[in-house]
Structure formats: structure tokens, C-alpha cells
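The values are calculated or read from the model by the stated rules, or taken from the named source; none is laboratory data. Treat the numbers as computed from the prediction; the structure is a model and nothing was measured. In this analysis, Cβ positions are derived from the backbone assuming ideal geometry, glycine residues included, and neighbour counts consider all displayed protein chains. Only protein heavy atoms, including side chains, enter the accessible area calculation; ligands, DNA and RNA are left aside. Shrake-Rupley method; radii C 1.70, N 1.55, O 1.52, S 1.80 Å.
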Amino acid sequence: MKISLEELAQKFDAEFQGNSSHQISAVAALDSAKSHHISFLSNSKYTSLLAATKAGIVILSQENSKHFKGNQIIAKDPYVTFAKVAALFQKGNSQVREINSNTVIAKSAIIGKNVHIGAYSIIGENTIIADETVLEARVTIGNNCRIGKNCLIKPNVVILDDCTLGENVILHPGCIIGADGFGLARDIDKWVKVPQLGAVVIGDDCEVGANTTIDRGTMDDTVLENDVHLDNQIQIAHNVKIGAHTVMAGCSAVAGSAKIGKNCLIGGGVGIIGHIEVCDKVTLQSMALVTRSIKKPGSYSSVSPLQETSDWRKSAVRIKQLDKIAKRLTRLEKQESKI
Amino acid sequence: MKISLEELAQKFDAEFQGNSSHQISAVAALDSAKSHHISFLSNSKYTSLLAATKAGIVILSQENSKHFKGNQIIAKDPYVTFAKVAALFQKGNSQVREINSNTVIAKSAIIGKNVHIGAYSIIGENTIIADETVLEARVTIGNNCRIGKNCLIKPNVVILDDCTLGENVILHPGCIIGADGFGLARDIDKWVKVPQLGAVVIGDDCEVGANTTIDRGTMDDTVLENDVHLDNQIQIAHNVKIGAHTVMAGCSAVAGSAKIGKNCLIGGGVGIIGHIEVCDKVTLQSMALVTRSIKKPGSYSSVSPLQETSDWRKSAVRIKQLDKIAKRLTRLEKQESKI
Amino acid sequence: MKISLEELAQKFDAEFQGNSSHQISAVAALDSAKSHHISFLSNSKYTSLLAATKAGIVILSQENSKHFKGNQIIAKDPYVTFAKVAALFQKGNSQVREINSNTVIAKSAIIGKNVHIGAYSIIGENTIIADETVLEARVTIGNNCRIGKNCLIKPNVVILDDCTLGENVILHPGCIIGADGFGLARDIDKWVKVPQLGAVVIGDDCEVGANTTIDRGTMDDTVLENDVHLDNQIQIAHNVKIGAHTVMAGCSAVAGSAKIGKNCLIGGGVGIIGHIEVCDKVTLQSMALVTRSIKKPGSYSSVSPLQETSDWRKSAVRIKQLDKIAKRLTRLEKQESKI
């Protein structure tokens, strides 16, 4: 596909400067782009890259426009505009839609219009798959599930019984929706498994990363509201609720019955313990551990700072002595006040 | 299924109070339960919920009985009794047991009585699957494995050659038993892979969570004793031994040849380094890192406390200075003692 | 297979002492080995095990040779020699190589000589699989991929479109190569997905652990240079570059566009944030978090030390007060200087 600067500007209702007929056919980063590429500048930290870029067109902000003399599209939010432009160049799933013959689909399942079900997929009893949804291949869906319209489900995804997806949901490879929550009651001499009788309910426009796991609830459901985006290797335990527009980076984990607000930004490797609440608009920095409810929007951190290991050993010894150090200091202060 | 208060009390050999003929047909949490639900109160922190609950029956302790006037079952351990009651309402696998025709089963494999093997499963040479075991679908079992009686193996589980499961083992979707341990020897200019010739041995009544990985041993085996429960996304490295009745929450990782005792409670995101021992009855709080052997039962922690990021930055700077701070304090104390 | 001390010594061009005709047929650890086993001593910490071992042959260093009177092979690096010896006893994939009939292979795919494709595998359009490569079973490879010679791909691996593997690459079960990177642009009231148009390029002699995920790049590729070894449950985000001979232990995570040097040793559970560089020859201790570029080779750490939880609570309180503590100390020092 080729598209000109003018056509792009019209399509995205944006201002442009430069040669209106210059055509691009692909996207690239500023430092590797050539004349047939469109690129973007979002973070002003990288403004210096504009001087050297060979990109045919650059998407940038009004403010950065003055630093660049080449063909450009001026956007309020260059990254959002870039996301939309890049979508033009994404390979469509050109594959013909079909129900592959190497599949096991329960007779009671209801399959909508223009649904694709790839090879080696399994669909359980009474499950409903709405129109336009694509199951790429090797997808396992249990009984009594409801999969909304226009979802994209990648290979090796497993959705267990009774779970629900909204519309436009993307499930990346290997993610597992609705495995049993980790519920155990300690009897006298051994553990008794607590049956997990709830399900998982995922709203519209959500995305679940590769090999991420979302457990079913014990009695109620585990819930992702609309427009929640989870990266890879995340663990969401039973009965967790995640508010709309919250995004979570890779390897984070939320323990049972925790409730996370809307519009939170949760970094990678974060831990949130069970039965607490995180309010709306909270940012958690990478590898933070949240051990009590957060009631005030803002940014939170908890990790010790990186040091060379030889220095770190000295700090580590002192951390263990900290309470004594503080008490020694208090004693000295008292002495001093007597002088 | 409907069951009355009196029938329940008899079935679980428990005391009851209230309308003996009141019937319930499902379980629910105290705050969402209605008249046809049975609920429970285990943590006295939530006693206040009893006043408002609409549950038809509540399972509670002798002590909490006085706070509730409705129908009730009085149990020594309400959570254990609840687990057993809830099991009554778990959907049985009503599916007819069969060896699905879309499977690849080696001729030398031995399949017990009443075994179910779901679609797209693969069973290797000389593998033995004991009676009553269910492989839900899309299960891969290698050569020379022994799978005990009455196991439940969920979709996308992979068990590699030579591994052994005891009886009543549950493997959740996507878990991988017996992948190669991470063994590398550094030769002059590149890494040489150390063959992993051991296997994985899992005892009776164990449970392995979704997408959890347990590596095979290098020479000896990696071992889970009986009644070990692992949550999702856990990594157990080669040659690890985990004692009976130990439970481990999601995203924890145990490095090679570590030995964990019996009856340990290991929180989420915990790290245990290689070649150390953790004794019996140790509790590790979430995201703790264990870098040396623990010889005394008890609870251990290591994470820095959560702070607002702006405050945290100040603490982080000071952590790096801690050794100097301590030395400055010591100097002051010496000065003071001279005064 | 049986092999004598003399034959082994010849094969690996090593010195030996003892009964040249003594034969061994398996490997074992020093403390469990019997007369038909070969074992090794690499870490001098365990020299005391030599006295009691019943191993038929031990591989050890010149220095440790004096501590052992039994049959022995003297090696420069006993662990490397052991790795090579152990490889002799690894079960060959005795399975006849075949293209299993239960597979879905695109007509445009090009399959090399002596390739094995196990049951329920799927190969996409225009994908090339070079000679001698083994896809064990249930492997999914997308369109336009290039898989080099002599690779070993285990069950449940997913490789998405356009990705490239070099020669001799091992992919362990459940790993996912080329899922979408986590790219989101915040529009006024919701997230817009940023298309991920790059791919993943993996060099020769690399190994990727079970359930590890490596995301495709946004515009450029995510790259592993030659001889990179990743353990299980690792997350590599979009556009990350990892230098040759770097190894990374389980559950580590590297955020988008980070660049890691050659010959790094990265411990388990380590986090590396996005857009930073780690130079060559850096060791990162377990669960360290790297928040800025590292420009000097060496060992780095960041975790708080493990304490009993009751002691840890006291330290945790003081960590929050650290900045104030340091300021109080400074004030005292000023007072003292006036005296």
C-alpha cells in the first residue's frame, strides 16, 4: 500500500507541511527510516534525531514542528496518530475465513457469521461465538462460554467453562482464562481444595498478553472492566476486579480478591497482595509490592536501589541494624539537649 | 441439587441451629448470598457482615454463632466445612468418558479403566495411565511416564519423558512438567549445554497451577512430596525438593537444587536461590528473596516498604549512604563519650 | 551404552588415573553414584564428598586429583567435560523422523531434508524449515518464518509470523516467539493499540526456556544474538536486544527497547526497565531491578536483606524515615563541631 502525505493528513484530519504528493509505504523508527517510511517523534527527549532522519514523513507535535524541515504531519498526540497510521500497514489476516475441518465443535455451540476457527480448535457445549470473531488455531474453549463480536484469539489460548469475553477482545498466545483459583483450606493433616465455582468476565476492548493467567472466582467472578490491557506473564488471582482503562506491564501479579481502580498504570513485576484496594489513577513503579490499600492517586515505589554488589552488602547489613541506628541517634539527641 | 440444613449437618457431622428443613442449592459470599445460598464466616474480621447477610444458611464457628440468629451450621473450622459443602455444588464432569478418536496414542502405552483422553492428546511409548484419570483435551505426555489413579489433567499440559505423577494429582492448563533444567557449562568461547538426565516425581494429592513450570533434574530427580500445592506461573528449577504439605503462591521461583521443608507457606513472587535449604514450617512473605538457608521455623520478609515515589527517592538515596551514615553515628558517639 | 575410563579419556583428550578398563554406563551425583556411574567435582567446596563417593569414575581438576584415589579423569574444566560426557548418555530421539499425517502444513512451506514434524503441528505459508530440524509435536509456526538447521522445537511452542531462528536453536515447551509487544497510545478516553510490525530474530545456538515469551518489535526487530540462553518464564519485551553469550535465569523480565550487552549473567527474577543499556560482562544478582543504564562491568544487586518478619517491620518503618534520620545526624554533627 502506498499513501501520500496529503491523503494521510486528510484521513486523520491533521495539518501537514511539505510535499503533499510524497508517498510512503511503511513505518520505521526515526533513526532507521528511509524515504518511503513514515516515522514519528513523541518524546521531546529525542528531538535531536530529527536532524539526521531520512524518513519520508514525520508525525510530530506543533511544538516540535519548528525543529524539522521535512515532510510532516502535525498532530496533537503524535503517538496516537502514529498508532492509527501504523494500523494501515498491518498485514490483514488475508487468510480466508473458514471453520477448519480439523476441529472439534460441540453440536450445541452457536457460531456467528464470518467467524474463523483455525485447525485443532475445540469448542465446548453451549458456547456462543459472536460474529466476526477469529480463533486463529489450536484454541480451546470450554462449555457455556460467551465470546463477543470481533474478538481475536491467538494460538494455544485456553478459555475454561462459563467465562465471558466482551467485544473486540484480543487474547495473545498461551494465555489461560478461568483456571481454578488457588483456594485451600487447612484440615487437620492435609489441605482441602476449595472448589472454584465463579468464572471470569472480561469487558470490551480488553487485551490479555501471552502466557498470562486469569483465574476464575471462588463464588463470584474475576472481572476485567472495559479497555483493560494486560501484558505477558501476568497472574490475576480469583475474585480480582480491575477497573476500566487500567494497564499492567509484564510479570505483575495480583492476589485474590484485590480490587484495582480505573486508569491505573501498573509497572512490570509489581505485586499486589490479596483483599486490598488500589484507588483510581494510581501508578505503581516496576517491582513495587503493595501490602495495604492505596486511597490516594499518585505514584508509588518500593524497591531498594541498585548498587554494586560490594557496596550493596554494606547497605544490606545496615538495613538490618536500622532500628538500632535510629535509637542510637535519638539517644545522642537527648544527650545533646542536656548539654 | 437441593439440600436441607438438617441433611447438611448430618452429612458433615456438624451441629446446626435454625429451620432444619430450609433448603439451599448454591454457595455465595455473605454479602451477595440470597435465601437459596449457603455461605460461611471464617475470619472474625468480617463478623459485621452477619447482620446484613441474606444467606439461607451460614457456616460459622461456635464463637461467632452468638452473633447470628439465622440458620447456621456450627463447625470447628468453617472454611474447611465450606470447602467440603461447595464440592457438592461443583459441576461434575458430566462428559461421557472416552478415548477421543482425534488422539495419537502409542501402541505400547497402557491405559487403565475408565480413563478419559480428550481430543488432540498425545501419549508416548510405554507410558502408563492408571484408572479413573482424566486428560481433558490437548494433553501431551511423553515416553515412559507413569500417571497415577484419579488424576485430572487440564488442556495444554505437557509432561515430558520419564516423569511420574502420584494419585489424585491436578495439573492446571499450560503447566509443563519435565522441561530441561537450565544447565550450562562455560567453555572457552561459548556455553555447553549440560544434559538433563533426571526426571520429575510428583507425589499424591499435589496440584500444579496454570503455566507453572517444573524442570527435570540434571542427574537425580526434581521432587514434590505429597500434598504440595503450587499456584500459577511458578518456576521450579532442576533438582529442587519440596516437602509435603508445602504451598506456594503465584509467580514464585525456586532455583536449582534448593530444598524446601514440609508445611511451608510461601507467598507470591518469592525467590529462593539455588543450593540452600529452607526448614519445615517456614512462612515467606510476598516477594521475599531467600539468599541463605533458613534453619528456624517462622515468618521471613525482605521487601522495602511502599512509599510515594517522591518520598521513596529520598529513602533510596539514603539507603546507598547507609554504611556511611552508620559510621558517622559511631564517630559522634565516640566524641560524646569523651565529653 | 558402556564406555571405559581409557576410551573416555581418549574421546575427550584428557589425562586419567586408575583402572583403564573400568566401564561406566550412566552419570550420577557424587553422593548417589555407584560403581557403574561417572560423576564430577567442579566446586572445591564439595571436595569432602570425594572420600565417600562410590562413583566408578570421577571427573576432577588437577588440583583436586590429589584428594581422590579412585578412577579419575583430570580435566581443565571438570564441569565442561562432564557436560560433554553426559551428552553421551542422553537418550537419542530414537523416534523415526517423519512428517506426521496429523499436521496442517501450508503448500507454500519449504521443508528441508530429514526434518521431523510431530502430530498436530501447523506450519504457515512461505515458512522455511531447514534440514535436520525436529518439531516434536503440537508446534505452531506462522507465515514467512525461517527456521535454521538442526533446531529442536518442543511441544506447545508458538512462533508467530515473520520470525527467524538461526541454527541449533532449542525452544522449550510453551515458549512463545513473536507475540505482539505491549504498545498502547493513550487517546482522549481510551487506549489505542500500536501495531507491532517488527519480528523476532534469534541467532545460532540459542536456547529459550519453557513458557518464556519474546515479543516482536514495534517497527524494528527484537534480537537475540548467538549463544544466548534464556531460562523458563522470562519476558522479553518488544525491541529488546540481547548480546551474544548472555544467559538469563528464570522469571526475569526485560522491558521495551532495553539493550543488554554480551557475556552478561542475569540472575532469576531480575527486572530491567525500558530504553536503558546494560554493558557487556555485567552480573545482576537475583531479583535486582535495573532502573538506569549500567556502563561498568561488574556485579550489581538491589534487594533488601531477608529478616524475620518481626525484625523486618522495624527496619521497614525506619527505611521510610531514612531521609529524616540522615538530616538529624547532620544537625548533630553541626552542633558537635560548634562545641
Under the Karplus curve 6.51 cos²θ - 1.76 cosθ + 1.60, θ = phi - 60°, whole-Hz ³J(HN,Hα) for the range A:164-169, x wherever Gly or Pro sits: 10, 10, x, 8, 6, 7
Using a Förster distance of 56 Å, the FRET efficiency for C:His67-A:Thr330 (Cβ separation, nearest 0.05): 0.55
C:Glu63, C:Glu333, reordered so the largest accessible area comes first (probe 1.4 Å): C:Glu63, C:Glu333
HN-Hα J in Hz across the range B:147-162 - Karplus 6.51, -1.76, 1.60, θ = phi - 60°, x for Gly and Pro: 10, x, 5, 6, 7, 10, 10, 8, x, 6, 6, 10, 10, 8, 3, 6
Tensor-based shape of the range B:3-88 (alpha-carbon gyration tensor, a/c under 1.5 rounded, otherwise prolate or oblate): rounded
Share antiparallel - DSSP beta bridges, the protein assembly as shown, percent rounded to 5: 15
Where Cα atoms sit under 19 Å apart: lysine pairs in the range C:1-77 separated by 8 or more or lying on different chains: 13
Those residues of the range B:246-277 whose amide nitrogen sits under 17 Å from the label point placed on C:Leu265, 7 Å along Cα→Cβ: B:255-257, B:273-276
Under-5 Å amide H pairs with A:Ile294, H placed in peptide plane, nonlocal only: A:Glu277, A:Val278, A:Cys279
Reachable aspartates and glutamates from A:Lys113, criterion Cα separation under 12 angstrom, eight or more residues apart if same chain: A:Glu98, A:Asp131, A:Glu132
Sequence-separation-based contact order of chain C, relative, with Cα cut under 8 Å and 6+ spacing, percent: 6
Virtual spin-label span in nm between A:Lys190 and C:Lys295, 7 Å along Cα→Cβ: 6.1
For the range A:156-300, size of Cβ-based charge dipole, Lys and Arg +1, Asp and Glu -1, in debye: 700
With DNA, RNA and ligands ignored, accessible area of B:Trp312 (1.4 Å probe; Å², nearest 10): 60
Per DSSP, loop GluC sites (Glu not before Pro) in the range B:123-156 with at most 16 further Cβ within 10 Å: B:Glu125
Protein accessible area in the protein assembly as shown, 1.4 Å probe - carbon and sulfur %: 49
DSSP loop trypsin sites (Lys or Arg not before Pro) with at most 15 other Cβ within 10 Å: longest gap in chain B: B:191-291
Reachable aspartates and glutamates from C:Lys324, criterion Cα separation under 15 angstrom, eight or more residues apart if same chain: A:Asp323, A:Glu333, B:Asp311, C:Glu333
Estimated vicinal HN-Hα couplings, Hz - the range A:279-286 in sequence order (Karplus 6.51, -1.76, 1.60; Gly, Pro = x): 6, 5, 6, 9, 9, 10, 6, 3
Bridge type composition, the range C:104-300 - antiparallel percent by DSSP, nearest 5: 5
Under 5 Å, built H, 5+ apart or other chain: amide partners of C:Glu125: C:Asn143, C:Asn144
Leading residue at positive end of dipole, the range C:200-339 (Cβ point charges), from C:Gln233, C:Thr309, C:Cys206: C:Thr309
With all protein chains modelled, accessible area of A:Tyr79 [1.4 Å, Å²]: 60
Cα-based shape type of the range C:124-265, given that a ≥ b ≥ c are square roots of the gyration tensor eigenvalues and the cut on a/c is 1.5: oblate
For B:Met287, solvent-accessible area (1.4 Å; no DNA, RNA or ligand), Å²: 30
Computed over the range B:94-195: relative contact order in percent, which uses C-alpha pairs under 8 Å that are six or more apart: 17
Cα-based Lys pair tally, the range A:144-296, threshold under 20 Å, eight or more apart or on separate chains: 13
DSSP-defined beta bridges in chain C - what % are antiparallel, rounded to 5: 10
For chain B, calculated [θ]222 nm from helices alone, where every DSSP H run of n ≥ 4 adds -39500 (n - 2.57): -5000 deg cm²/dmol
Gyration tensor verdict on chain A (Cα atoms; rounded if a/c is under 1.5, prolate if a/b is larger than b/c, oblate otherwise): oblate
Dipole of the protein assembly as shown, positive direction: furthest Cα of A:Gly274, A:Leu135, C:Ser20, with charges on the beta-carbon: A:Gly274
